[in-house]
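Quick note: the coordinates plus some simple rules give every number you see, no bench work behind them. If you're wondering where the values come from, they're calculated on a predicted model, not measured in any experiment. Neighbour counts run over all protein chains shown; Cβ positions are idealised from the backbone, glycine included.
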Amino acid sequence: MSYMILYNFYRNATFVFVLFWYVLYTGYTLSTAINEWSSVLYSVVVTSAPTVIVAILDKDLSRRTLLKYPQLYGAGQREESYNLRLFIFIMVDSVWQSVAVFFIPYLAYKNSAIDSASLGDLWTLCVVILVNIHLAMDVIRWTWITHAAIWGSIVATWICVIIIDSIPTLPGFWAIYEVMGTALFWALLLAVIVVGMIPHFAAKAIREHFMPNDIQIAREMEKSRDSRDANHPEVQMSTSTRA
C-alpha cells in the first residue's frame, strides 16, 4: 500500500511536469501538445489499470515467511516504506523523467518541420512506457494478469494514439504518422527510456545490494528456500512427512 501511494504520486507528477515544461515554451498559454483524449486516458485507463492490478496481486513476502517472522511487520511501524525521504526521492525521479521525456525529443525536433501534435504523441508514449517500466521493475510476484496489465497498457496506448490521430475531426489528425515512420522517432523513444530510468535503476541496485532492509533480506531467503526445494524435492517431502 505504501508503494502504491508513492507510485500514484509519481505517475501523475511525471505527466504533469511534462505539461509544465511545455507551458514554459508557449508563453504560459492554455495550449497543450497532448490532446485532451490522451490526457484523460492516461489517468483513467492506461496507467490506473496496472496500478490496481499490482496493488491487488503483488505482495512482499509469502504467508509462510510472515508467520515465521512476525517481526517483519515492524517495517510498517518504523515507516520504512513511506516517509518524507522516499516521497522527495520519488518526486525528484519524476522531475528527472519528465525532463528526459520533454527535452530529448524537443531538442531533436527543434529545427525540424514536426509540429507540436506529433511531439505530443511522442511525449505521451514515452511517459506511459516509462511509468509502466518503473512499475514492472518493482513488481515482486509476477502473474499472467500482471503481465497483461502492464504490457497491455503500453499496447493500448499505441492503439489509442493511432485511433485518435486517425479521426479527421480531432486536433492532431495524422500527427503520429508524420513521425512514426522515421528512424529518429524510435531512436528517441529508446533514448528517453534509457536516460529516464537511470536514477531509478541505480538507486534500486544500490539499495538492494548494499543497504537491504529486513523485508528484502527475507525475500532473498525465500528465493534461496524455493530454489533449494526445487532442486531437492525429496528433502521437502521428507520434511512434510515428519511434520
Considering Cα pairs under 8 angstrom that are at least six residues apart, work out the relative contact order of the chain and quote it in whole percent.
29
Taking the convex hull of the alpha-carbon atoms of region 19-93 and averaging its shadow over every direction gives an area in square nanometres of 7.6
Calculate the all-directions average of the projected area of region 1-141's alpha-carbon convex hull, and give it in nm².
9.7
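On average, how much area does the Cα convex hull of region 102-141 cover when viewed from any direction, in nm²?
Average of the hull's projected areas for region 102-141 equals 3.0 nm².
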Give, rounded to the nearest 20 debye, the magnitude of the charge dipole that the chain has about its Cα centre when Lys and Arg contribute +1 at Cβ and Asp and Glu contribute -1 at Cβ.
740
Using the Cα atoms as the points, what is the convex hull volume per residue of region 1-53 in Å³?
68
Using the eigenvalues of the Cα gyration tensor, what equivalent ellipsoid semi-axes result for the chain when each is taken as the square root of five times the eigenvalue, whole Å, largest first?
41, 19, 16
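For region 75-219, what is the Kirkwood estimate of the hydrodynamic radius, computed as the reciprocal of the mean inverse distance between distinct Cα atoms, to one decimal in Å?
The Cα-based Kirkwood calculation yields 17.3 Å.
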Simple spin-label model, 7 Å along Cα-to-Cβ: residue 140 to residue 156 in nm?
2.5
Extreme residue, positive dipole direction of region 1-96, given options 91, 12, 51 (C-beta unit charges):
51
What's the angle, to the nearest 10 degrees (0 to 90), between helix 214-231's Cα axis and the longest principal axis of the chain?
70
What angle, in degrees between 0 and 90 and rounded to the nearest 10, separates the Cα long axis of helix 48-57 from the longest principal axis of the Cα atoms of the chain?
0
With every atom except the alpha carbons ignored, what do you get for Rg and Dmax of region 57-138, in angstroms?
19.7, 63
Give me, ordered by chain and number, the residues 5 or more places off residue 140 or on other chains with an amide H under 5 Å from its own placed amide H.
59
Rounding to the nearest 10 and keeping the result within 0 to 90°, find how far the Cα-based axis of helix 183-210 lies from the longest principal axis of the chain.
30
Volume per residue, Å³, of the convex hull around the alpha-carbon atoms of region 109-186?
98
